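The block underneath contains the structure these notes are about, expressed in structure tokens.
Nothing in this text is a laboratory measurement; each read-out follows from the coordinates by a stated rule. Model, not experiment: these values are computed from the prediction. A quick note on method: Cβ atoms are made from the backbone with ideal geometry, for glycine too, and the neighbour counts reach across all protein chains shown.
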Amino acid sequence: MISLENFNLSIEFHTITATLDTALCVGAGGSSGSLADKPILRNTDRNLLIPASQIKGRLRHECEKIARGLGWAICQSPTPNTMCPQREGLSENEEQKFHRDDEYKIDDQCDDEYKIDDQCDDEYKIDDQYHCLICQIFGNPSLPSRVLFDDLICTENPDYLPEVLRPGVTINRRRRTAEEQKLYFLETSPVNAKLQFTGQIHFLPNCPDYAKVLIIAGLHHIHALGGSKSAGLGWLTWNLESTLSEINTESSAWEFLAKGVQK
């Protein structure tokens, strides 16, 4: 039997807000009730939203690029077999990069930064397995995520937001002409409305110290979300809490991340 008393519920959370600079197109496949072939995603209260899965996926991708740029060995997501701890297809030399010296410890509870050992909390205990920095934050098939994301919900009353349909046509890449009978409609948010989408990021108690600064840096690398970004849709600006801005300047976390370049 699971007892809630055995869980450490001291979860740290921070609010993030995305302000749209252009119309948003986050499609909901299979939805009905709209003339659009690709209706926009809404919750049960008909509020526009950006799904947490999209935010986490984009953020993981950006954090992977930053960590690799800093010299850290990062597994190949999202295929499970090429992620930690299996990492299939790597040479022996590449695999050794995931087994770092003890001088690269995250904290007093865990071994070096790639290893999850007996000293860690039970819910994250995996004996003799090494996980890259990104997997220790976002998780993998054998390690739970240590950071959770909410959907970003639009704060504007949905009754005040009209349905906006954007026409498009399928292009034949070989002939470089429009396909016949391939007209479609996308539903987007209103243009130039400066809509704000708000949600929270939840950091679990044993989330690595470097996770916050890496996630903040990753957010600043995300300039657009949703579909048709190359056509100018989904461009946005992030507004972070003042506490997150203060965290981003923590020198100890950046000093740890900078060790990837030194190795």
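See the values below:
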item	result
Estimated FRET transfer efficiency when R0 is 35 angstrom, pair Thr198-Ser252 (beta carbons, to 0.05)	0.75
Among 65-71, 17-23, the order from most to least packed when residues are scored by Cβ within 10 Å on average	17-23, 65-71
Gyration tensor (Cα) of the stretch 37-81, equivalent ellipsoid semi-axes in angstrom	32, 12, 8
